[in-house]
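In what follows, a single structure is set out as structure tokens and then discussed.
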Amino acid sequence: MPHGKPSPMPRRLLARVRDVMAGAGMAQQRLDGITNIIAADMVAEVCSVYVRRAGDMLELFATQGLQPSAVHSTRLRVGEGIVGDIAARARPLALADAQKHPSFVFRPETGEEIYHSMLGVPILRDGRVVGVLAVQNRTQRRYGEEEVETLQTVAMVLAELVVGELIGRDELRPVIGGAMAPLCLQGMRLGSGVGAGEAVLHRPRFHITRWVADDPAAEHERLARAISEMHGALDEMFQASELAGGGEHRDVLQAYRMIAEDAGWLERIDEAISSGLTAEAAVEKVHNDIRARMSQVTDPYLRERIHDLDDLANRLLGHLIGEAEPTAGMPLPEEVILVARSMGPAQLLDYDYSRLRGVVLEEGSHTAHVAIVARALDIPAIGNVKDALGKVEPGDPLIVDGDNAQVFIRPGEDARRAFVESLRAREERKAVYASLRDLPAVTLDGQSISIKINAGLPIDLRLLDDSGADGIGLYRTELLFMVAADFPGVEVQRRLYADVLDKAADKPVIFRTLDVGGDKVLPYWQRSAEENPAMGWRAIRASLDRPDMLRQQLRALIRAAASRELRLMFPMIAEVAEFKAARAWLDKELKWEKELGFPPPSKFSVGAMLEVPSLVLQLPALLKQVDFISVGSNDLFQFLFASDRGNPQLSERYDLLSPLVLTLLRSVVEQCRTAGTPVSLCGDMASRPLEAMALIGAGFRDLSVTPSSVGPIKAMIRSLSVLALCEYMNSLYDLDQHDTRQKLGSFAQEHGVII
Ligand code: PEP
Ligand code: MG
């Protein structure tokens, strides 16, 4: 149904609302008129409009049916009562008996006790709730989906009156105490480094003036034209963009492009046009609806996709309204810190990035496409900064500290000095690490340590060379699956893996087969909710139960290696039988691929990740089966201590430098050594110099770390004497203590180890 269902009811109502809005009279009078029209049209005894005021209050601004004296007197906090609940959740509520709802609060001055049913919808503008529109009936009426939809459409049009005329835009800005005082806000690290510059606020840039359409057919046509223009413009931009050149960001941009072509999104816009909105109002409405719904979603990956959608909706509006986007060609300060609620990757590319010194997002997480692009451009970026847009004024001086996930707003002299100092120290450190790039990672007493990197995105490959690492000790293949819009097929995977091997040249790469589940969610893979997903149906468990997925991946890996060496490992193995089963699939695929005429890898080695404590107890049997093992300390110790690795409340509860952990790791290394099986460690602990030192003391000679840690770890290794460390650590294993952190720190200090 390309153009949605024609719905005369909302169209008629919308046209009447539009006429009143555009008519003469004070805004308040027009609002009163509109509540009358809505009540009559929807056969409701009450229609009320609540408007959001400063301080997160909702004020009754107009009503048909409630006591007139309550207007401008009844106020509810956002979150208080049913109206407050609708505003807080940005979702409609249709209740046959509102008084039985747990959020119901009784306001005697409104006289609403006689009304039982209630339908309320948020009034949204730019994804923010600016009010609530509600109808009520005496009977216990059940409002249908169409009525909800109609009221939402009317609320969309009403938002214009609310924000444009009833209250000033400024009132919606959260109030801050001591407005011009320096501030420091904490966020989440998206891209490392520090940068200073002037704040440029990145805001939705289109102003819609026509909301209600007279001729829906013409609006459908306008939309179709705008969509095709947008696709053309996107293609051009991606081709011209720096990032497209090396093909490194194809996946990110491709996923973005797929959203632009998403049939569901475009169909919903068509439906909104059929209900009486103009094409631009329809884009805005569908976008607001999606944003409001997504704000309830907790899954970080899905939440991030909304940023791409923000960007696309804005672009589509640009093509519809026909104004040039003000940022293109807008005079920018020499040094810019961009502040935005969220952005898509292409929006970031719209700015002259030679001037970009930092990015601050109110939303955003590590999986955001914009974060991936910011890292690719080496721009410090932080996300999840609460209310950044409310606290920053355009032109404010800002300092972004990506490493500590902080932004300093209007920094004082101390913060400026600290910035200059940290910039200098950072440059110095970088220079030291760069000078180590081609030097071997050998200890003072001649022990050679292999430092590899953990990778998963095409951009990481550049870092393999830049860092001078020995190879990729862990290639997390699931990241490709997470940024794709659908299961990547064999050929798509083959190309990516072959590209990794090509770029790594003669350096070894260990691919880990798909580790999804837990916190790694694929948006296109429907799975039933699990109470304990980290310990649930994930990684090798899902791969063995759904072997088609594993087989496709193995096939792609075999073809990608084509006459080269293939190294792969299986995640979350909990018993030897699982490894054998996965290995059997590999053998089968190898045989079939050979029969099909694909050249087999010249050599292959197959390993297991040691991430589940049960496997530690089966090491003697496991080591007979595997070519190598890699310790995934992130998972191994979350399961050993029964302590969620993602819970910040527990992050310091147990220490990986406890005698228990060190003893366990030493035993693993010793067993591997006896069996002649190579062992490495690729969990995050290897990326921290003190922990890496302890790992070397416990016997590890092969570490896989985050790319930015290669320099610091190499510096530590080159200042260490393993013999002295091992001797010292012998006194630690049997200690009855929480941790050995201080002791190891003192050892490093006394022996001049750089940590
Ligand atoms: C680990 O668990 O230590 C590991 C390297 O795997 P991931 O962090 O991807 O779960
Ligand atoms: Mg793991």
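The values are calculated or read from the model by the stated rules, or taken from the named source; none is laboratory data. Model, not experiment: these values are computed from the prediction. Cβ: placed from backbone, ideal geometry, glycine included. Neighbour counts: every protein chain shown. Surface areas here come from the heavy atoms of the whole protein model, side chains and all, with no ligands, DNA or RNA. Shrake-Rupley method; radii C 1.70, N 1.55, O 1.52, S 1.80 Å.
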Does region 559-575 hold any residues that are assigned to a helix (DSSP H, G or I), surrounded by 24 or more Cβ atoms within 10 Å (Cβ to Cβ) and touching a Phe, Trp or Tyr at 6+ places or on another chain (Cβ under 6 Å), and which are they? none
Yes or no: T443 over 18 Å from T706 (Cα atoms) and among the polar types (S, T, N, Q)? yes
Residue check, W585 against (1) within 15 Å of ligand 2 (Cβ to nearest atom); (2) part of a helix (DSSP H, G or I); (3) not small (G, A, S), all met but one. Which one? (1)
Going through region 624-648 one residue at a time, which ones are crowded, with 21+ Cβ neighbours inside 10 Å and more than 9 Å from ligand 1 (Cβ to nearest atom)? V626, I629
Under the condition of being under 38 Å from the mean Cα position of the chain (by Cα) and at pLDDT 95 or above, which residue from region 1-52 is surrounded by the fewest Cβ atoms within 10 Å (Cβ to Cβ)? V51
Read through the list (1) touching a residue at least 24 places away in the same chain (Cβ under 8 Å); (2) of a type outside the set (S, T, N, Q); (3) in contact with a helix residue (DSSP H, G or I) (Cβ under 8 Å, 6 or more places away or on another chain), then give the number of the only condition that A15 fails. (3)
What are the residues in region 541-558 that are surrounded by 18 or more Cβ atoms within 10 Å (Cβ to Cβ) and either farther than 20 Å from L479 by Cβ or not assigned by TED's automatic domain parsing to the domain that holds L623 (or both), if any? I558
Just give me the residues in region 599-617 being surrounded by 18 or more Cβ atoms within 10 Å (Cβ to Cβ), farther than 17 Å from I472 by Cα and more than 16 Å from ligand 1 (Cβ to nearest atom), in sequence order. P601
Tell me, yes or no, whether region 705-724 has at least one residue that is within 16 Å of ligand 2 (Cβ to nearest atom) and either open to solvent by 40 Å² or more (accessible area, probe 1.4 Å) or not acidic (D, E) (or both). yes
Among the residues of region 505-524 satisfying the criterion of being within 18 Å of L461 (Cβ to Cβ) and at pLDDT 95 or above, which is farthest from ligand 1 (Cβ to nearest atom)? K507
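For region 604-695, which helices (runs of 4 or more DSSP H) that fit wholly inside it have 2 or more residues that are within 16 Å of ligand 2 (Cβ to nearest atom) and touching a Gly at 6+ places or on another chain (Cβ under 8 Å)? Spell out the reasoning first.
Working: elements: 613-616, 619-623, 633-640, 659-675.
Those helices (runs of 4 or more DSSP H) span 633-640.
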Of E362, E335, which residue is touching a Gly at 6+ places or on another chain (Cβ under 9 Å), modelled with pLDDT of 65 or more and open to solvent by 50 Å² or more (accessible area, probe 1.4 Å)? E335
The conditions are (1) modelled with pLDDT of 95 or more; (2) touching a Pro at 6+ places or on another chain (Cβ under 6 Å), and I755 fails exactly one of them. Which is it? (1)
State which residue is farthest from ligand 2 (Cβ to nearest atom) when the search covers only region 527-540 and only residues that are open to solvent by less than 30 Å² (accessible area, probe 1.4 Å) and closer than 19 Å to F579 by Cβ. I540
